[in-house]
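Undergrad: Below are the structure tokens for one structure; questions will follow.
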Amino acid sequence: MKRIIRRVIEKMDRIKNIIQGFLILTLILCFIPNNVLAEERDDGYFTIKDKKTGEIIFQTSRYVYIGDEYLNENNKLYRVISVDGDEGLAEFVEEVDLTDFLPSSTEQKDFPVTAEQSRRISVYHTHGDESYVPTDGAASIKNGGGILSVGEVFAKNLEEKGVEVLHSTRVHFPHDNAAYQRSRRTARELLQQGVDAQFDIHRDAIPPERYITDINGEKVARVRLVVGKQNPNYIANDNFAKQLKAAGDQIYPGLIKGIFYARGTYNQDLAPRSILVEVGTDKNDKQIAEKGAALFADVAARTLYGEDLKETPGPAGTTSPIKGETSAIGKTLLWLIVLTVIGIGGYMLITGGSWEEIKTKLSKFSTKEFANFLKKKKNRD
């Protein structure tokens, strides 16, 4: 009988160890940012084609995974179903009507504002070394590439429209996946200053003709928006991207070439109006990229602050509400609750405690903290 009991205890210990290991692994995975998935290739690019027609849907220097999605220039949504080497296939999902995403004056009037607020946008560059080979002489410049100039043009055009712009020129070198961790600090610092939206400006690295277009008789570099699918603000950021695309389609048709829904967060988990923008490719002249950035500044200003911003600025701090922003905040809170529960469960099993012991500890902690709070308040009074 003792032998049987001993075996049962041994098996229970093994099960406990397995559960402990699983919880520890879960905690590690939960707290490691998904930025590690926000990968970009050192060389080459992916070409994704339509499964039925064989036509090129999009090309990108970012890594492409099965399940990634792409909204093309004509607002047709595709989903990647296979990737083999540098090529992949995607299937058509649906045609997206962006009419409802156009900002309206009614929405702006309904959005609460205060006199202390101001129109403020932040701009930074996770890969500040990115450059334009024909004019900069290299694809990457360690101390700061041509992408900083493109960001400056974007900022100045916004400022001309009455928008305050916080533009960080930190380079975050070297150009690797860890750059998103380094730029995360920059993104946080900018957001803490109360901005209405945040833009991470990049350039792509695919054939130059894929980014060139003609707008109002002038050659300009096109713009692509990138939304990270693995973050609690995904819905709000997606809708913000669609607002930008809808406004761009109306003001400068062809300027915004598409929206790439990729793996990772790209630091977009920090705010509901955070977007990654690719302006041109490394093989474009920097001048046409700057022209594209200037036009996109007009799109961003009108999306956030209204059609007649230049002539009638309106109340300070007025922005169009982003669909899904409230639900995104709710999801963030839900994530925090889930992580807290996992942490408590992990602590309980790792320390060998029971639910009753945990409840007792929490009860004592709450009572003690509340008593300390009342004592401090009484002393202040």
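What follows is calculated from the coordinates using simple rules that are stated; it is not laboratory data. Since we're looking at a predicted model, the values are computed, not measured. Note that each Cβ is placed from the backbone with ideal geometry, even for glycine, and that neighbours are counted across all protein chains shown.
Undergrad: In debye, nearest 20, what is the charge dipole magnitude of region 94-323 about its Cα centre with +1 on Lys and Arg Cβ and -1 on Asp and Glu Cβ, if you could check?
TA: In debye, rounded to 20, region 94-323 gives about 580.
Undergrad: Could you go through region 233-238 in sequence order and give the Karplus-derived ³J(HN,Hα) for each residue, using 6.51 cos²θ - 1.76 cosθ + 1.60 with θ = phi - 60°, rounded to whole Hz, and x for Gly and Pro?
TA: In residue order, the calculated couplings are 8, 4, 4, 5, 5, 4 Hz.
Undergrad: Next question. Taking amide H positions as placed in the peptide plane 1.01 Å from N, state which residues far from G254 in sequence (5 or more) or on other chains have amide H under 5 Å from it.
TA: It is none; the list stays empty.
Undergrad: A further question follows. What order, most packed first, do the peptides 266-279, 212-225 have when packing is the mean number of other Cβ atoms within 10 Å of each residue?
TA: 266-279, 212-225
Undergrad: Can you work out the Karplus-derived ³J(HN,Hα) for every residue in region 281-293? Use 6.51 cos²θ - 1.76 cosθ + 1.60 with θ = phi - 60°, whole Hz, and x for glycine or proline.
TA: For region 281-293, the Karplus curve yields 10, 4, 9, 8, 5, 4, 4, 6, 5, 5, 5, x, 5 Hz.
Undergrad: Another one. Based only on other Cβ atoms within 10 Å, what is the fewest-to-most ordering of Y211, Y45, Y70?
TA: Ascending number of Cβ neighbours within 10 Å: Y45, Y70, Y211.
Undergrad: Also: What is the extension gain from A138 to R41, computed as 0.36 nm multiplied by their sequence separation minus the C-alpha to C-alpha distance, in nm to one decimal?
TA: Stretched fully, the A138-R41 segment lengthens by 33.3 nm.
Undergrad: Still on this structure: Taking amide H positions as placed in the peptide plane 1.01 Å from N, state which residues far from A221 in sequence (5 or more) or on other chains have amide H under 5 Å from it.
TA: Placed amide hydrogens put A289, K291, G292 under 5 Å from A221.
Undergrad: Determine the gain in length on full extension of the stretch K219-T53; use 0.36 nm per residue of separation and subtract their C-alpha separation, reporting nm with one decimal.
TA: Computed gain between K219 and T53 is 56.8 nm.
Undergrad: Let me ask another. Would you order K142, K76, K229 from fewest to most other beta-carbon atoms within 10 Å of each residue's own beta-carbon?
TA: Lowest count first: K142, K76, K229.
Undergrad: If you build the Cα gyration tensor of region 94-323 and take the root of 5 times each eigenvalue, what three semi-axes come out, in whole angstrom, biggest first?
TA: 26, 20, 17
Undergrad: Rounded to the nearest 20 debye, what is the charge dipole size of region 163-245 about its Cα centre when +1 sits on each Lys and Arg Cβ and -1 on each Asp and Glu Cβ?
TA: In total the dipole reaches around 260 debye.
Undergrad: Once you list every other residue whose beta carbon is under 12 Å from the beta carbon of R188, what net charge do they have if Lys and Arg are +1 and Asp and Glu are -1?
TA: Value of the local net charge: +1.
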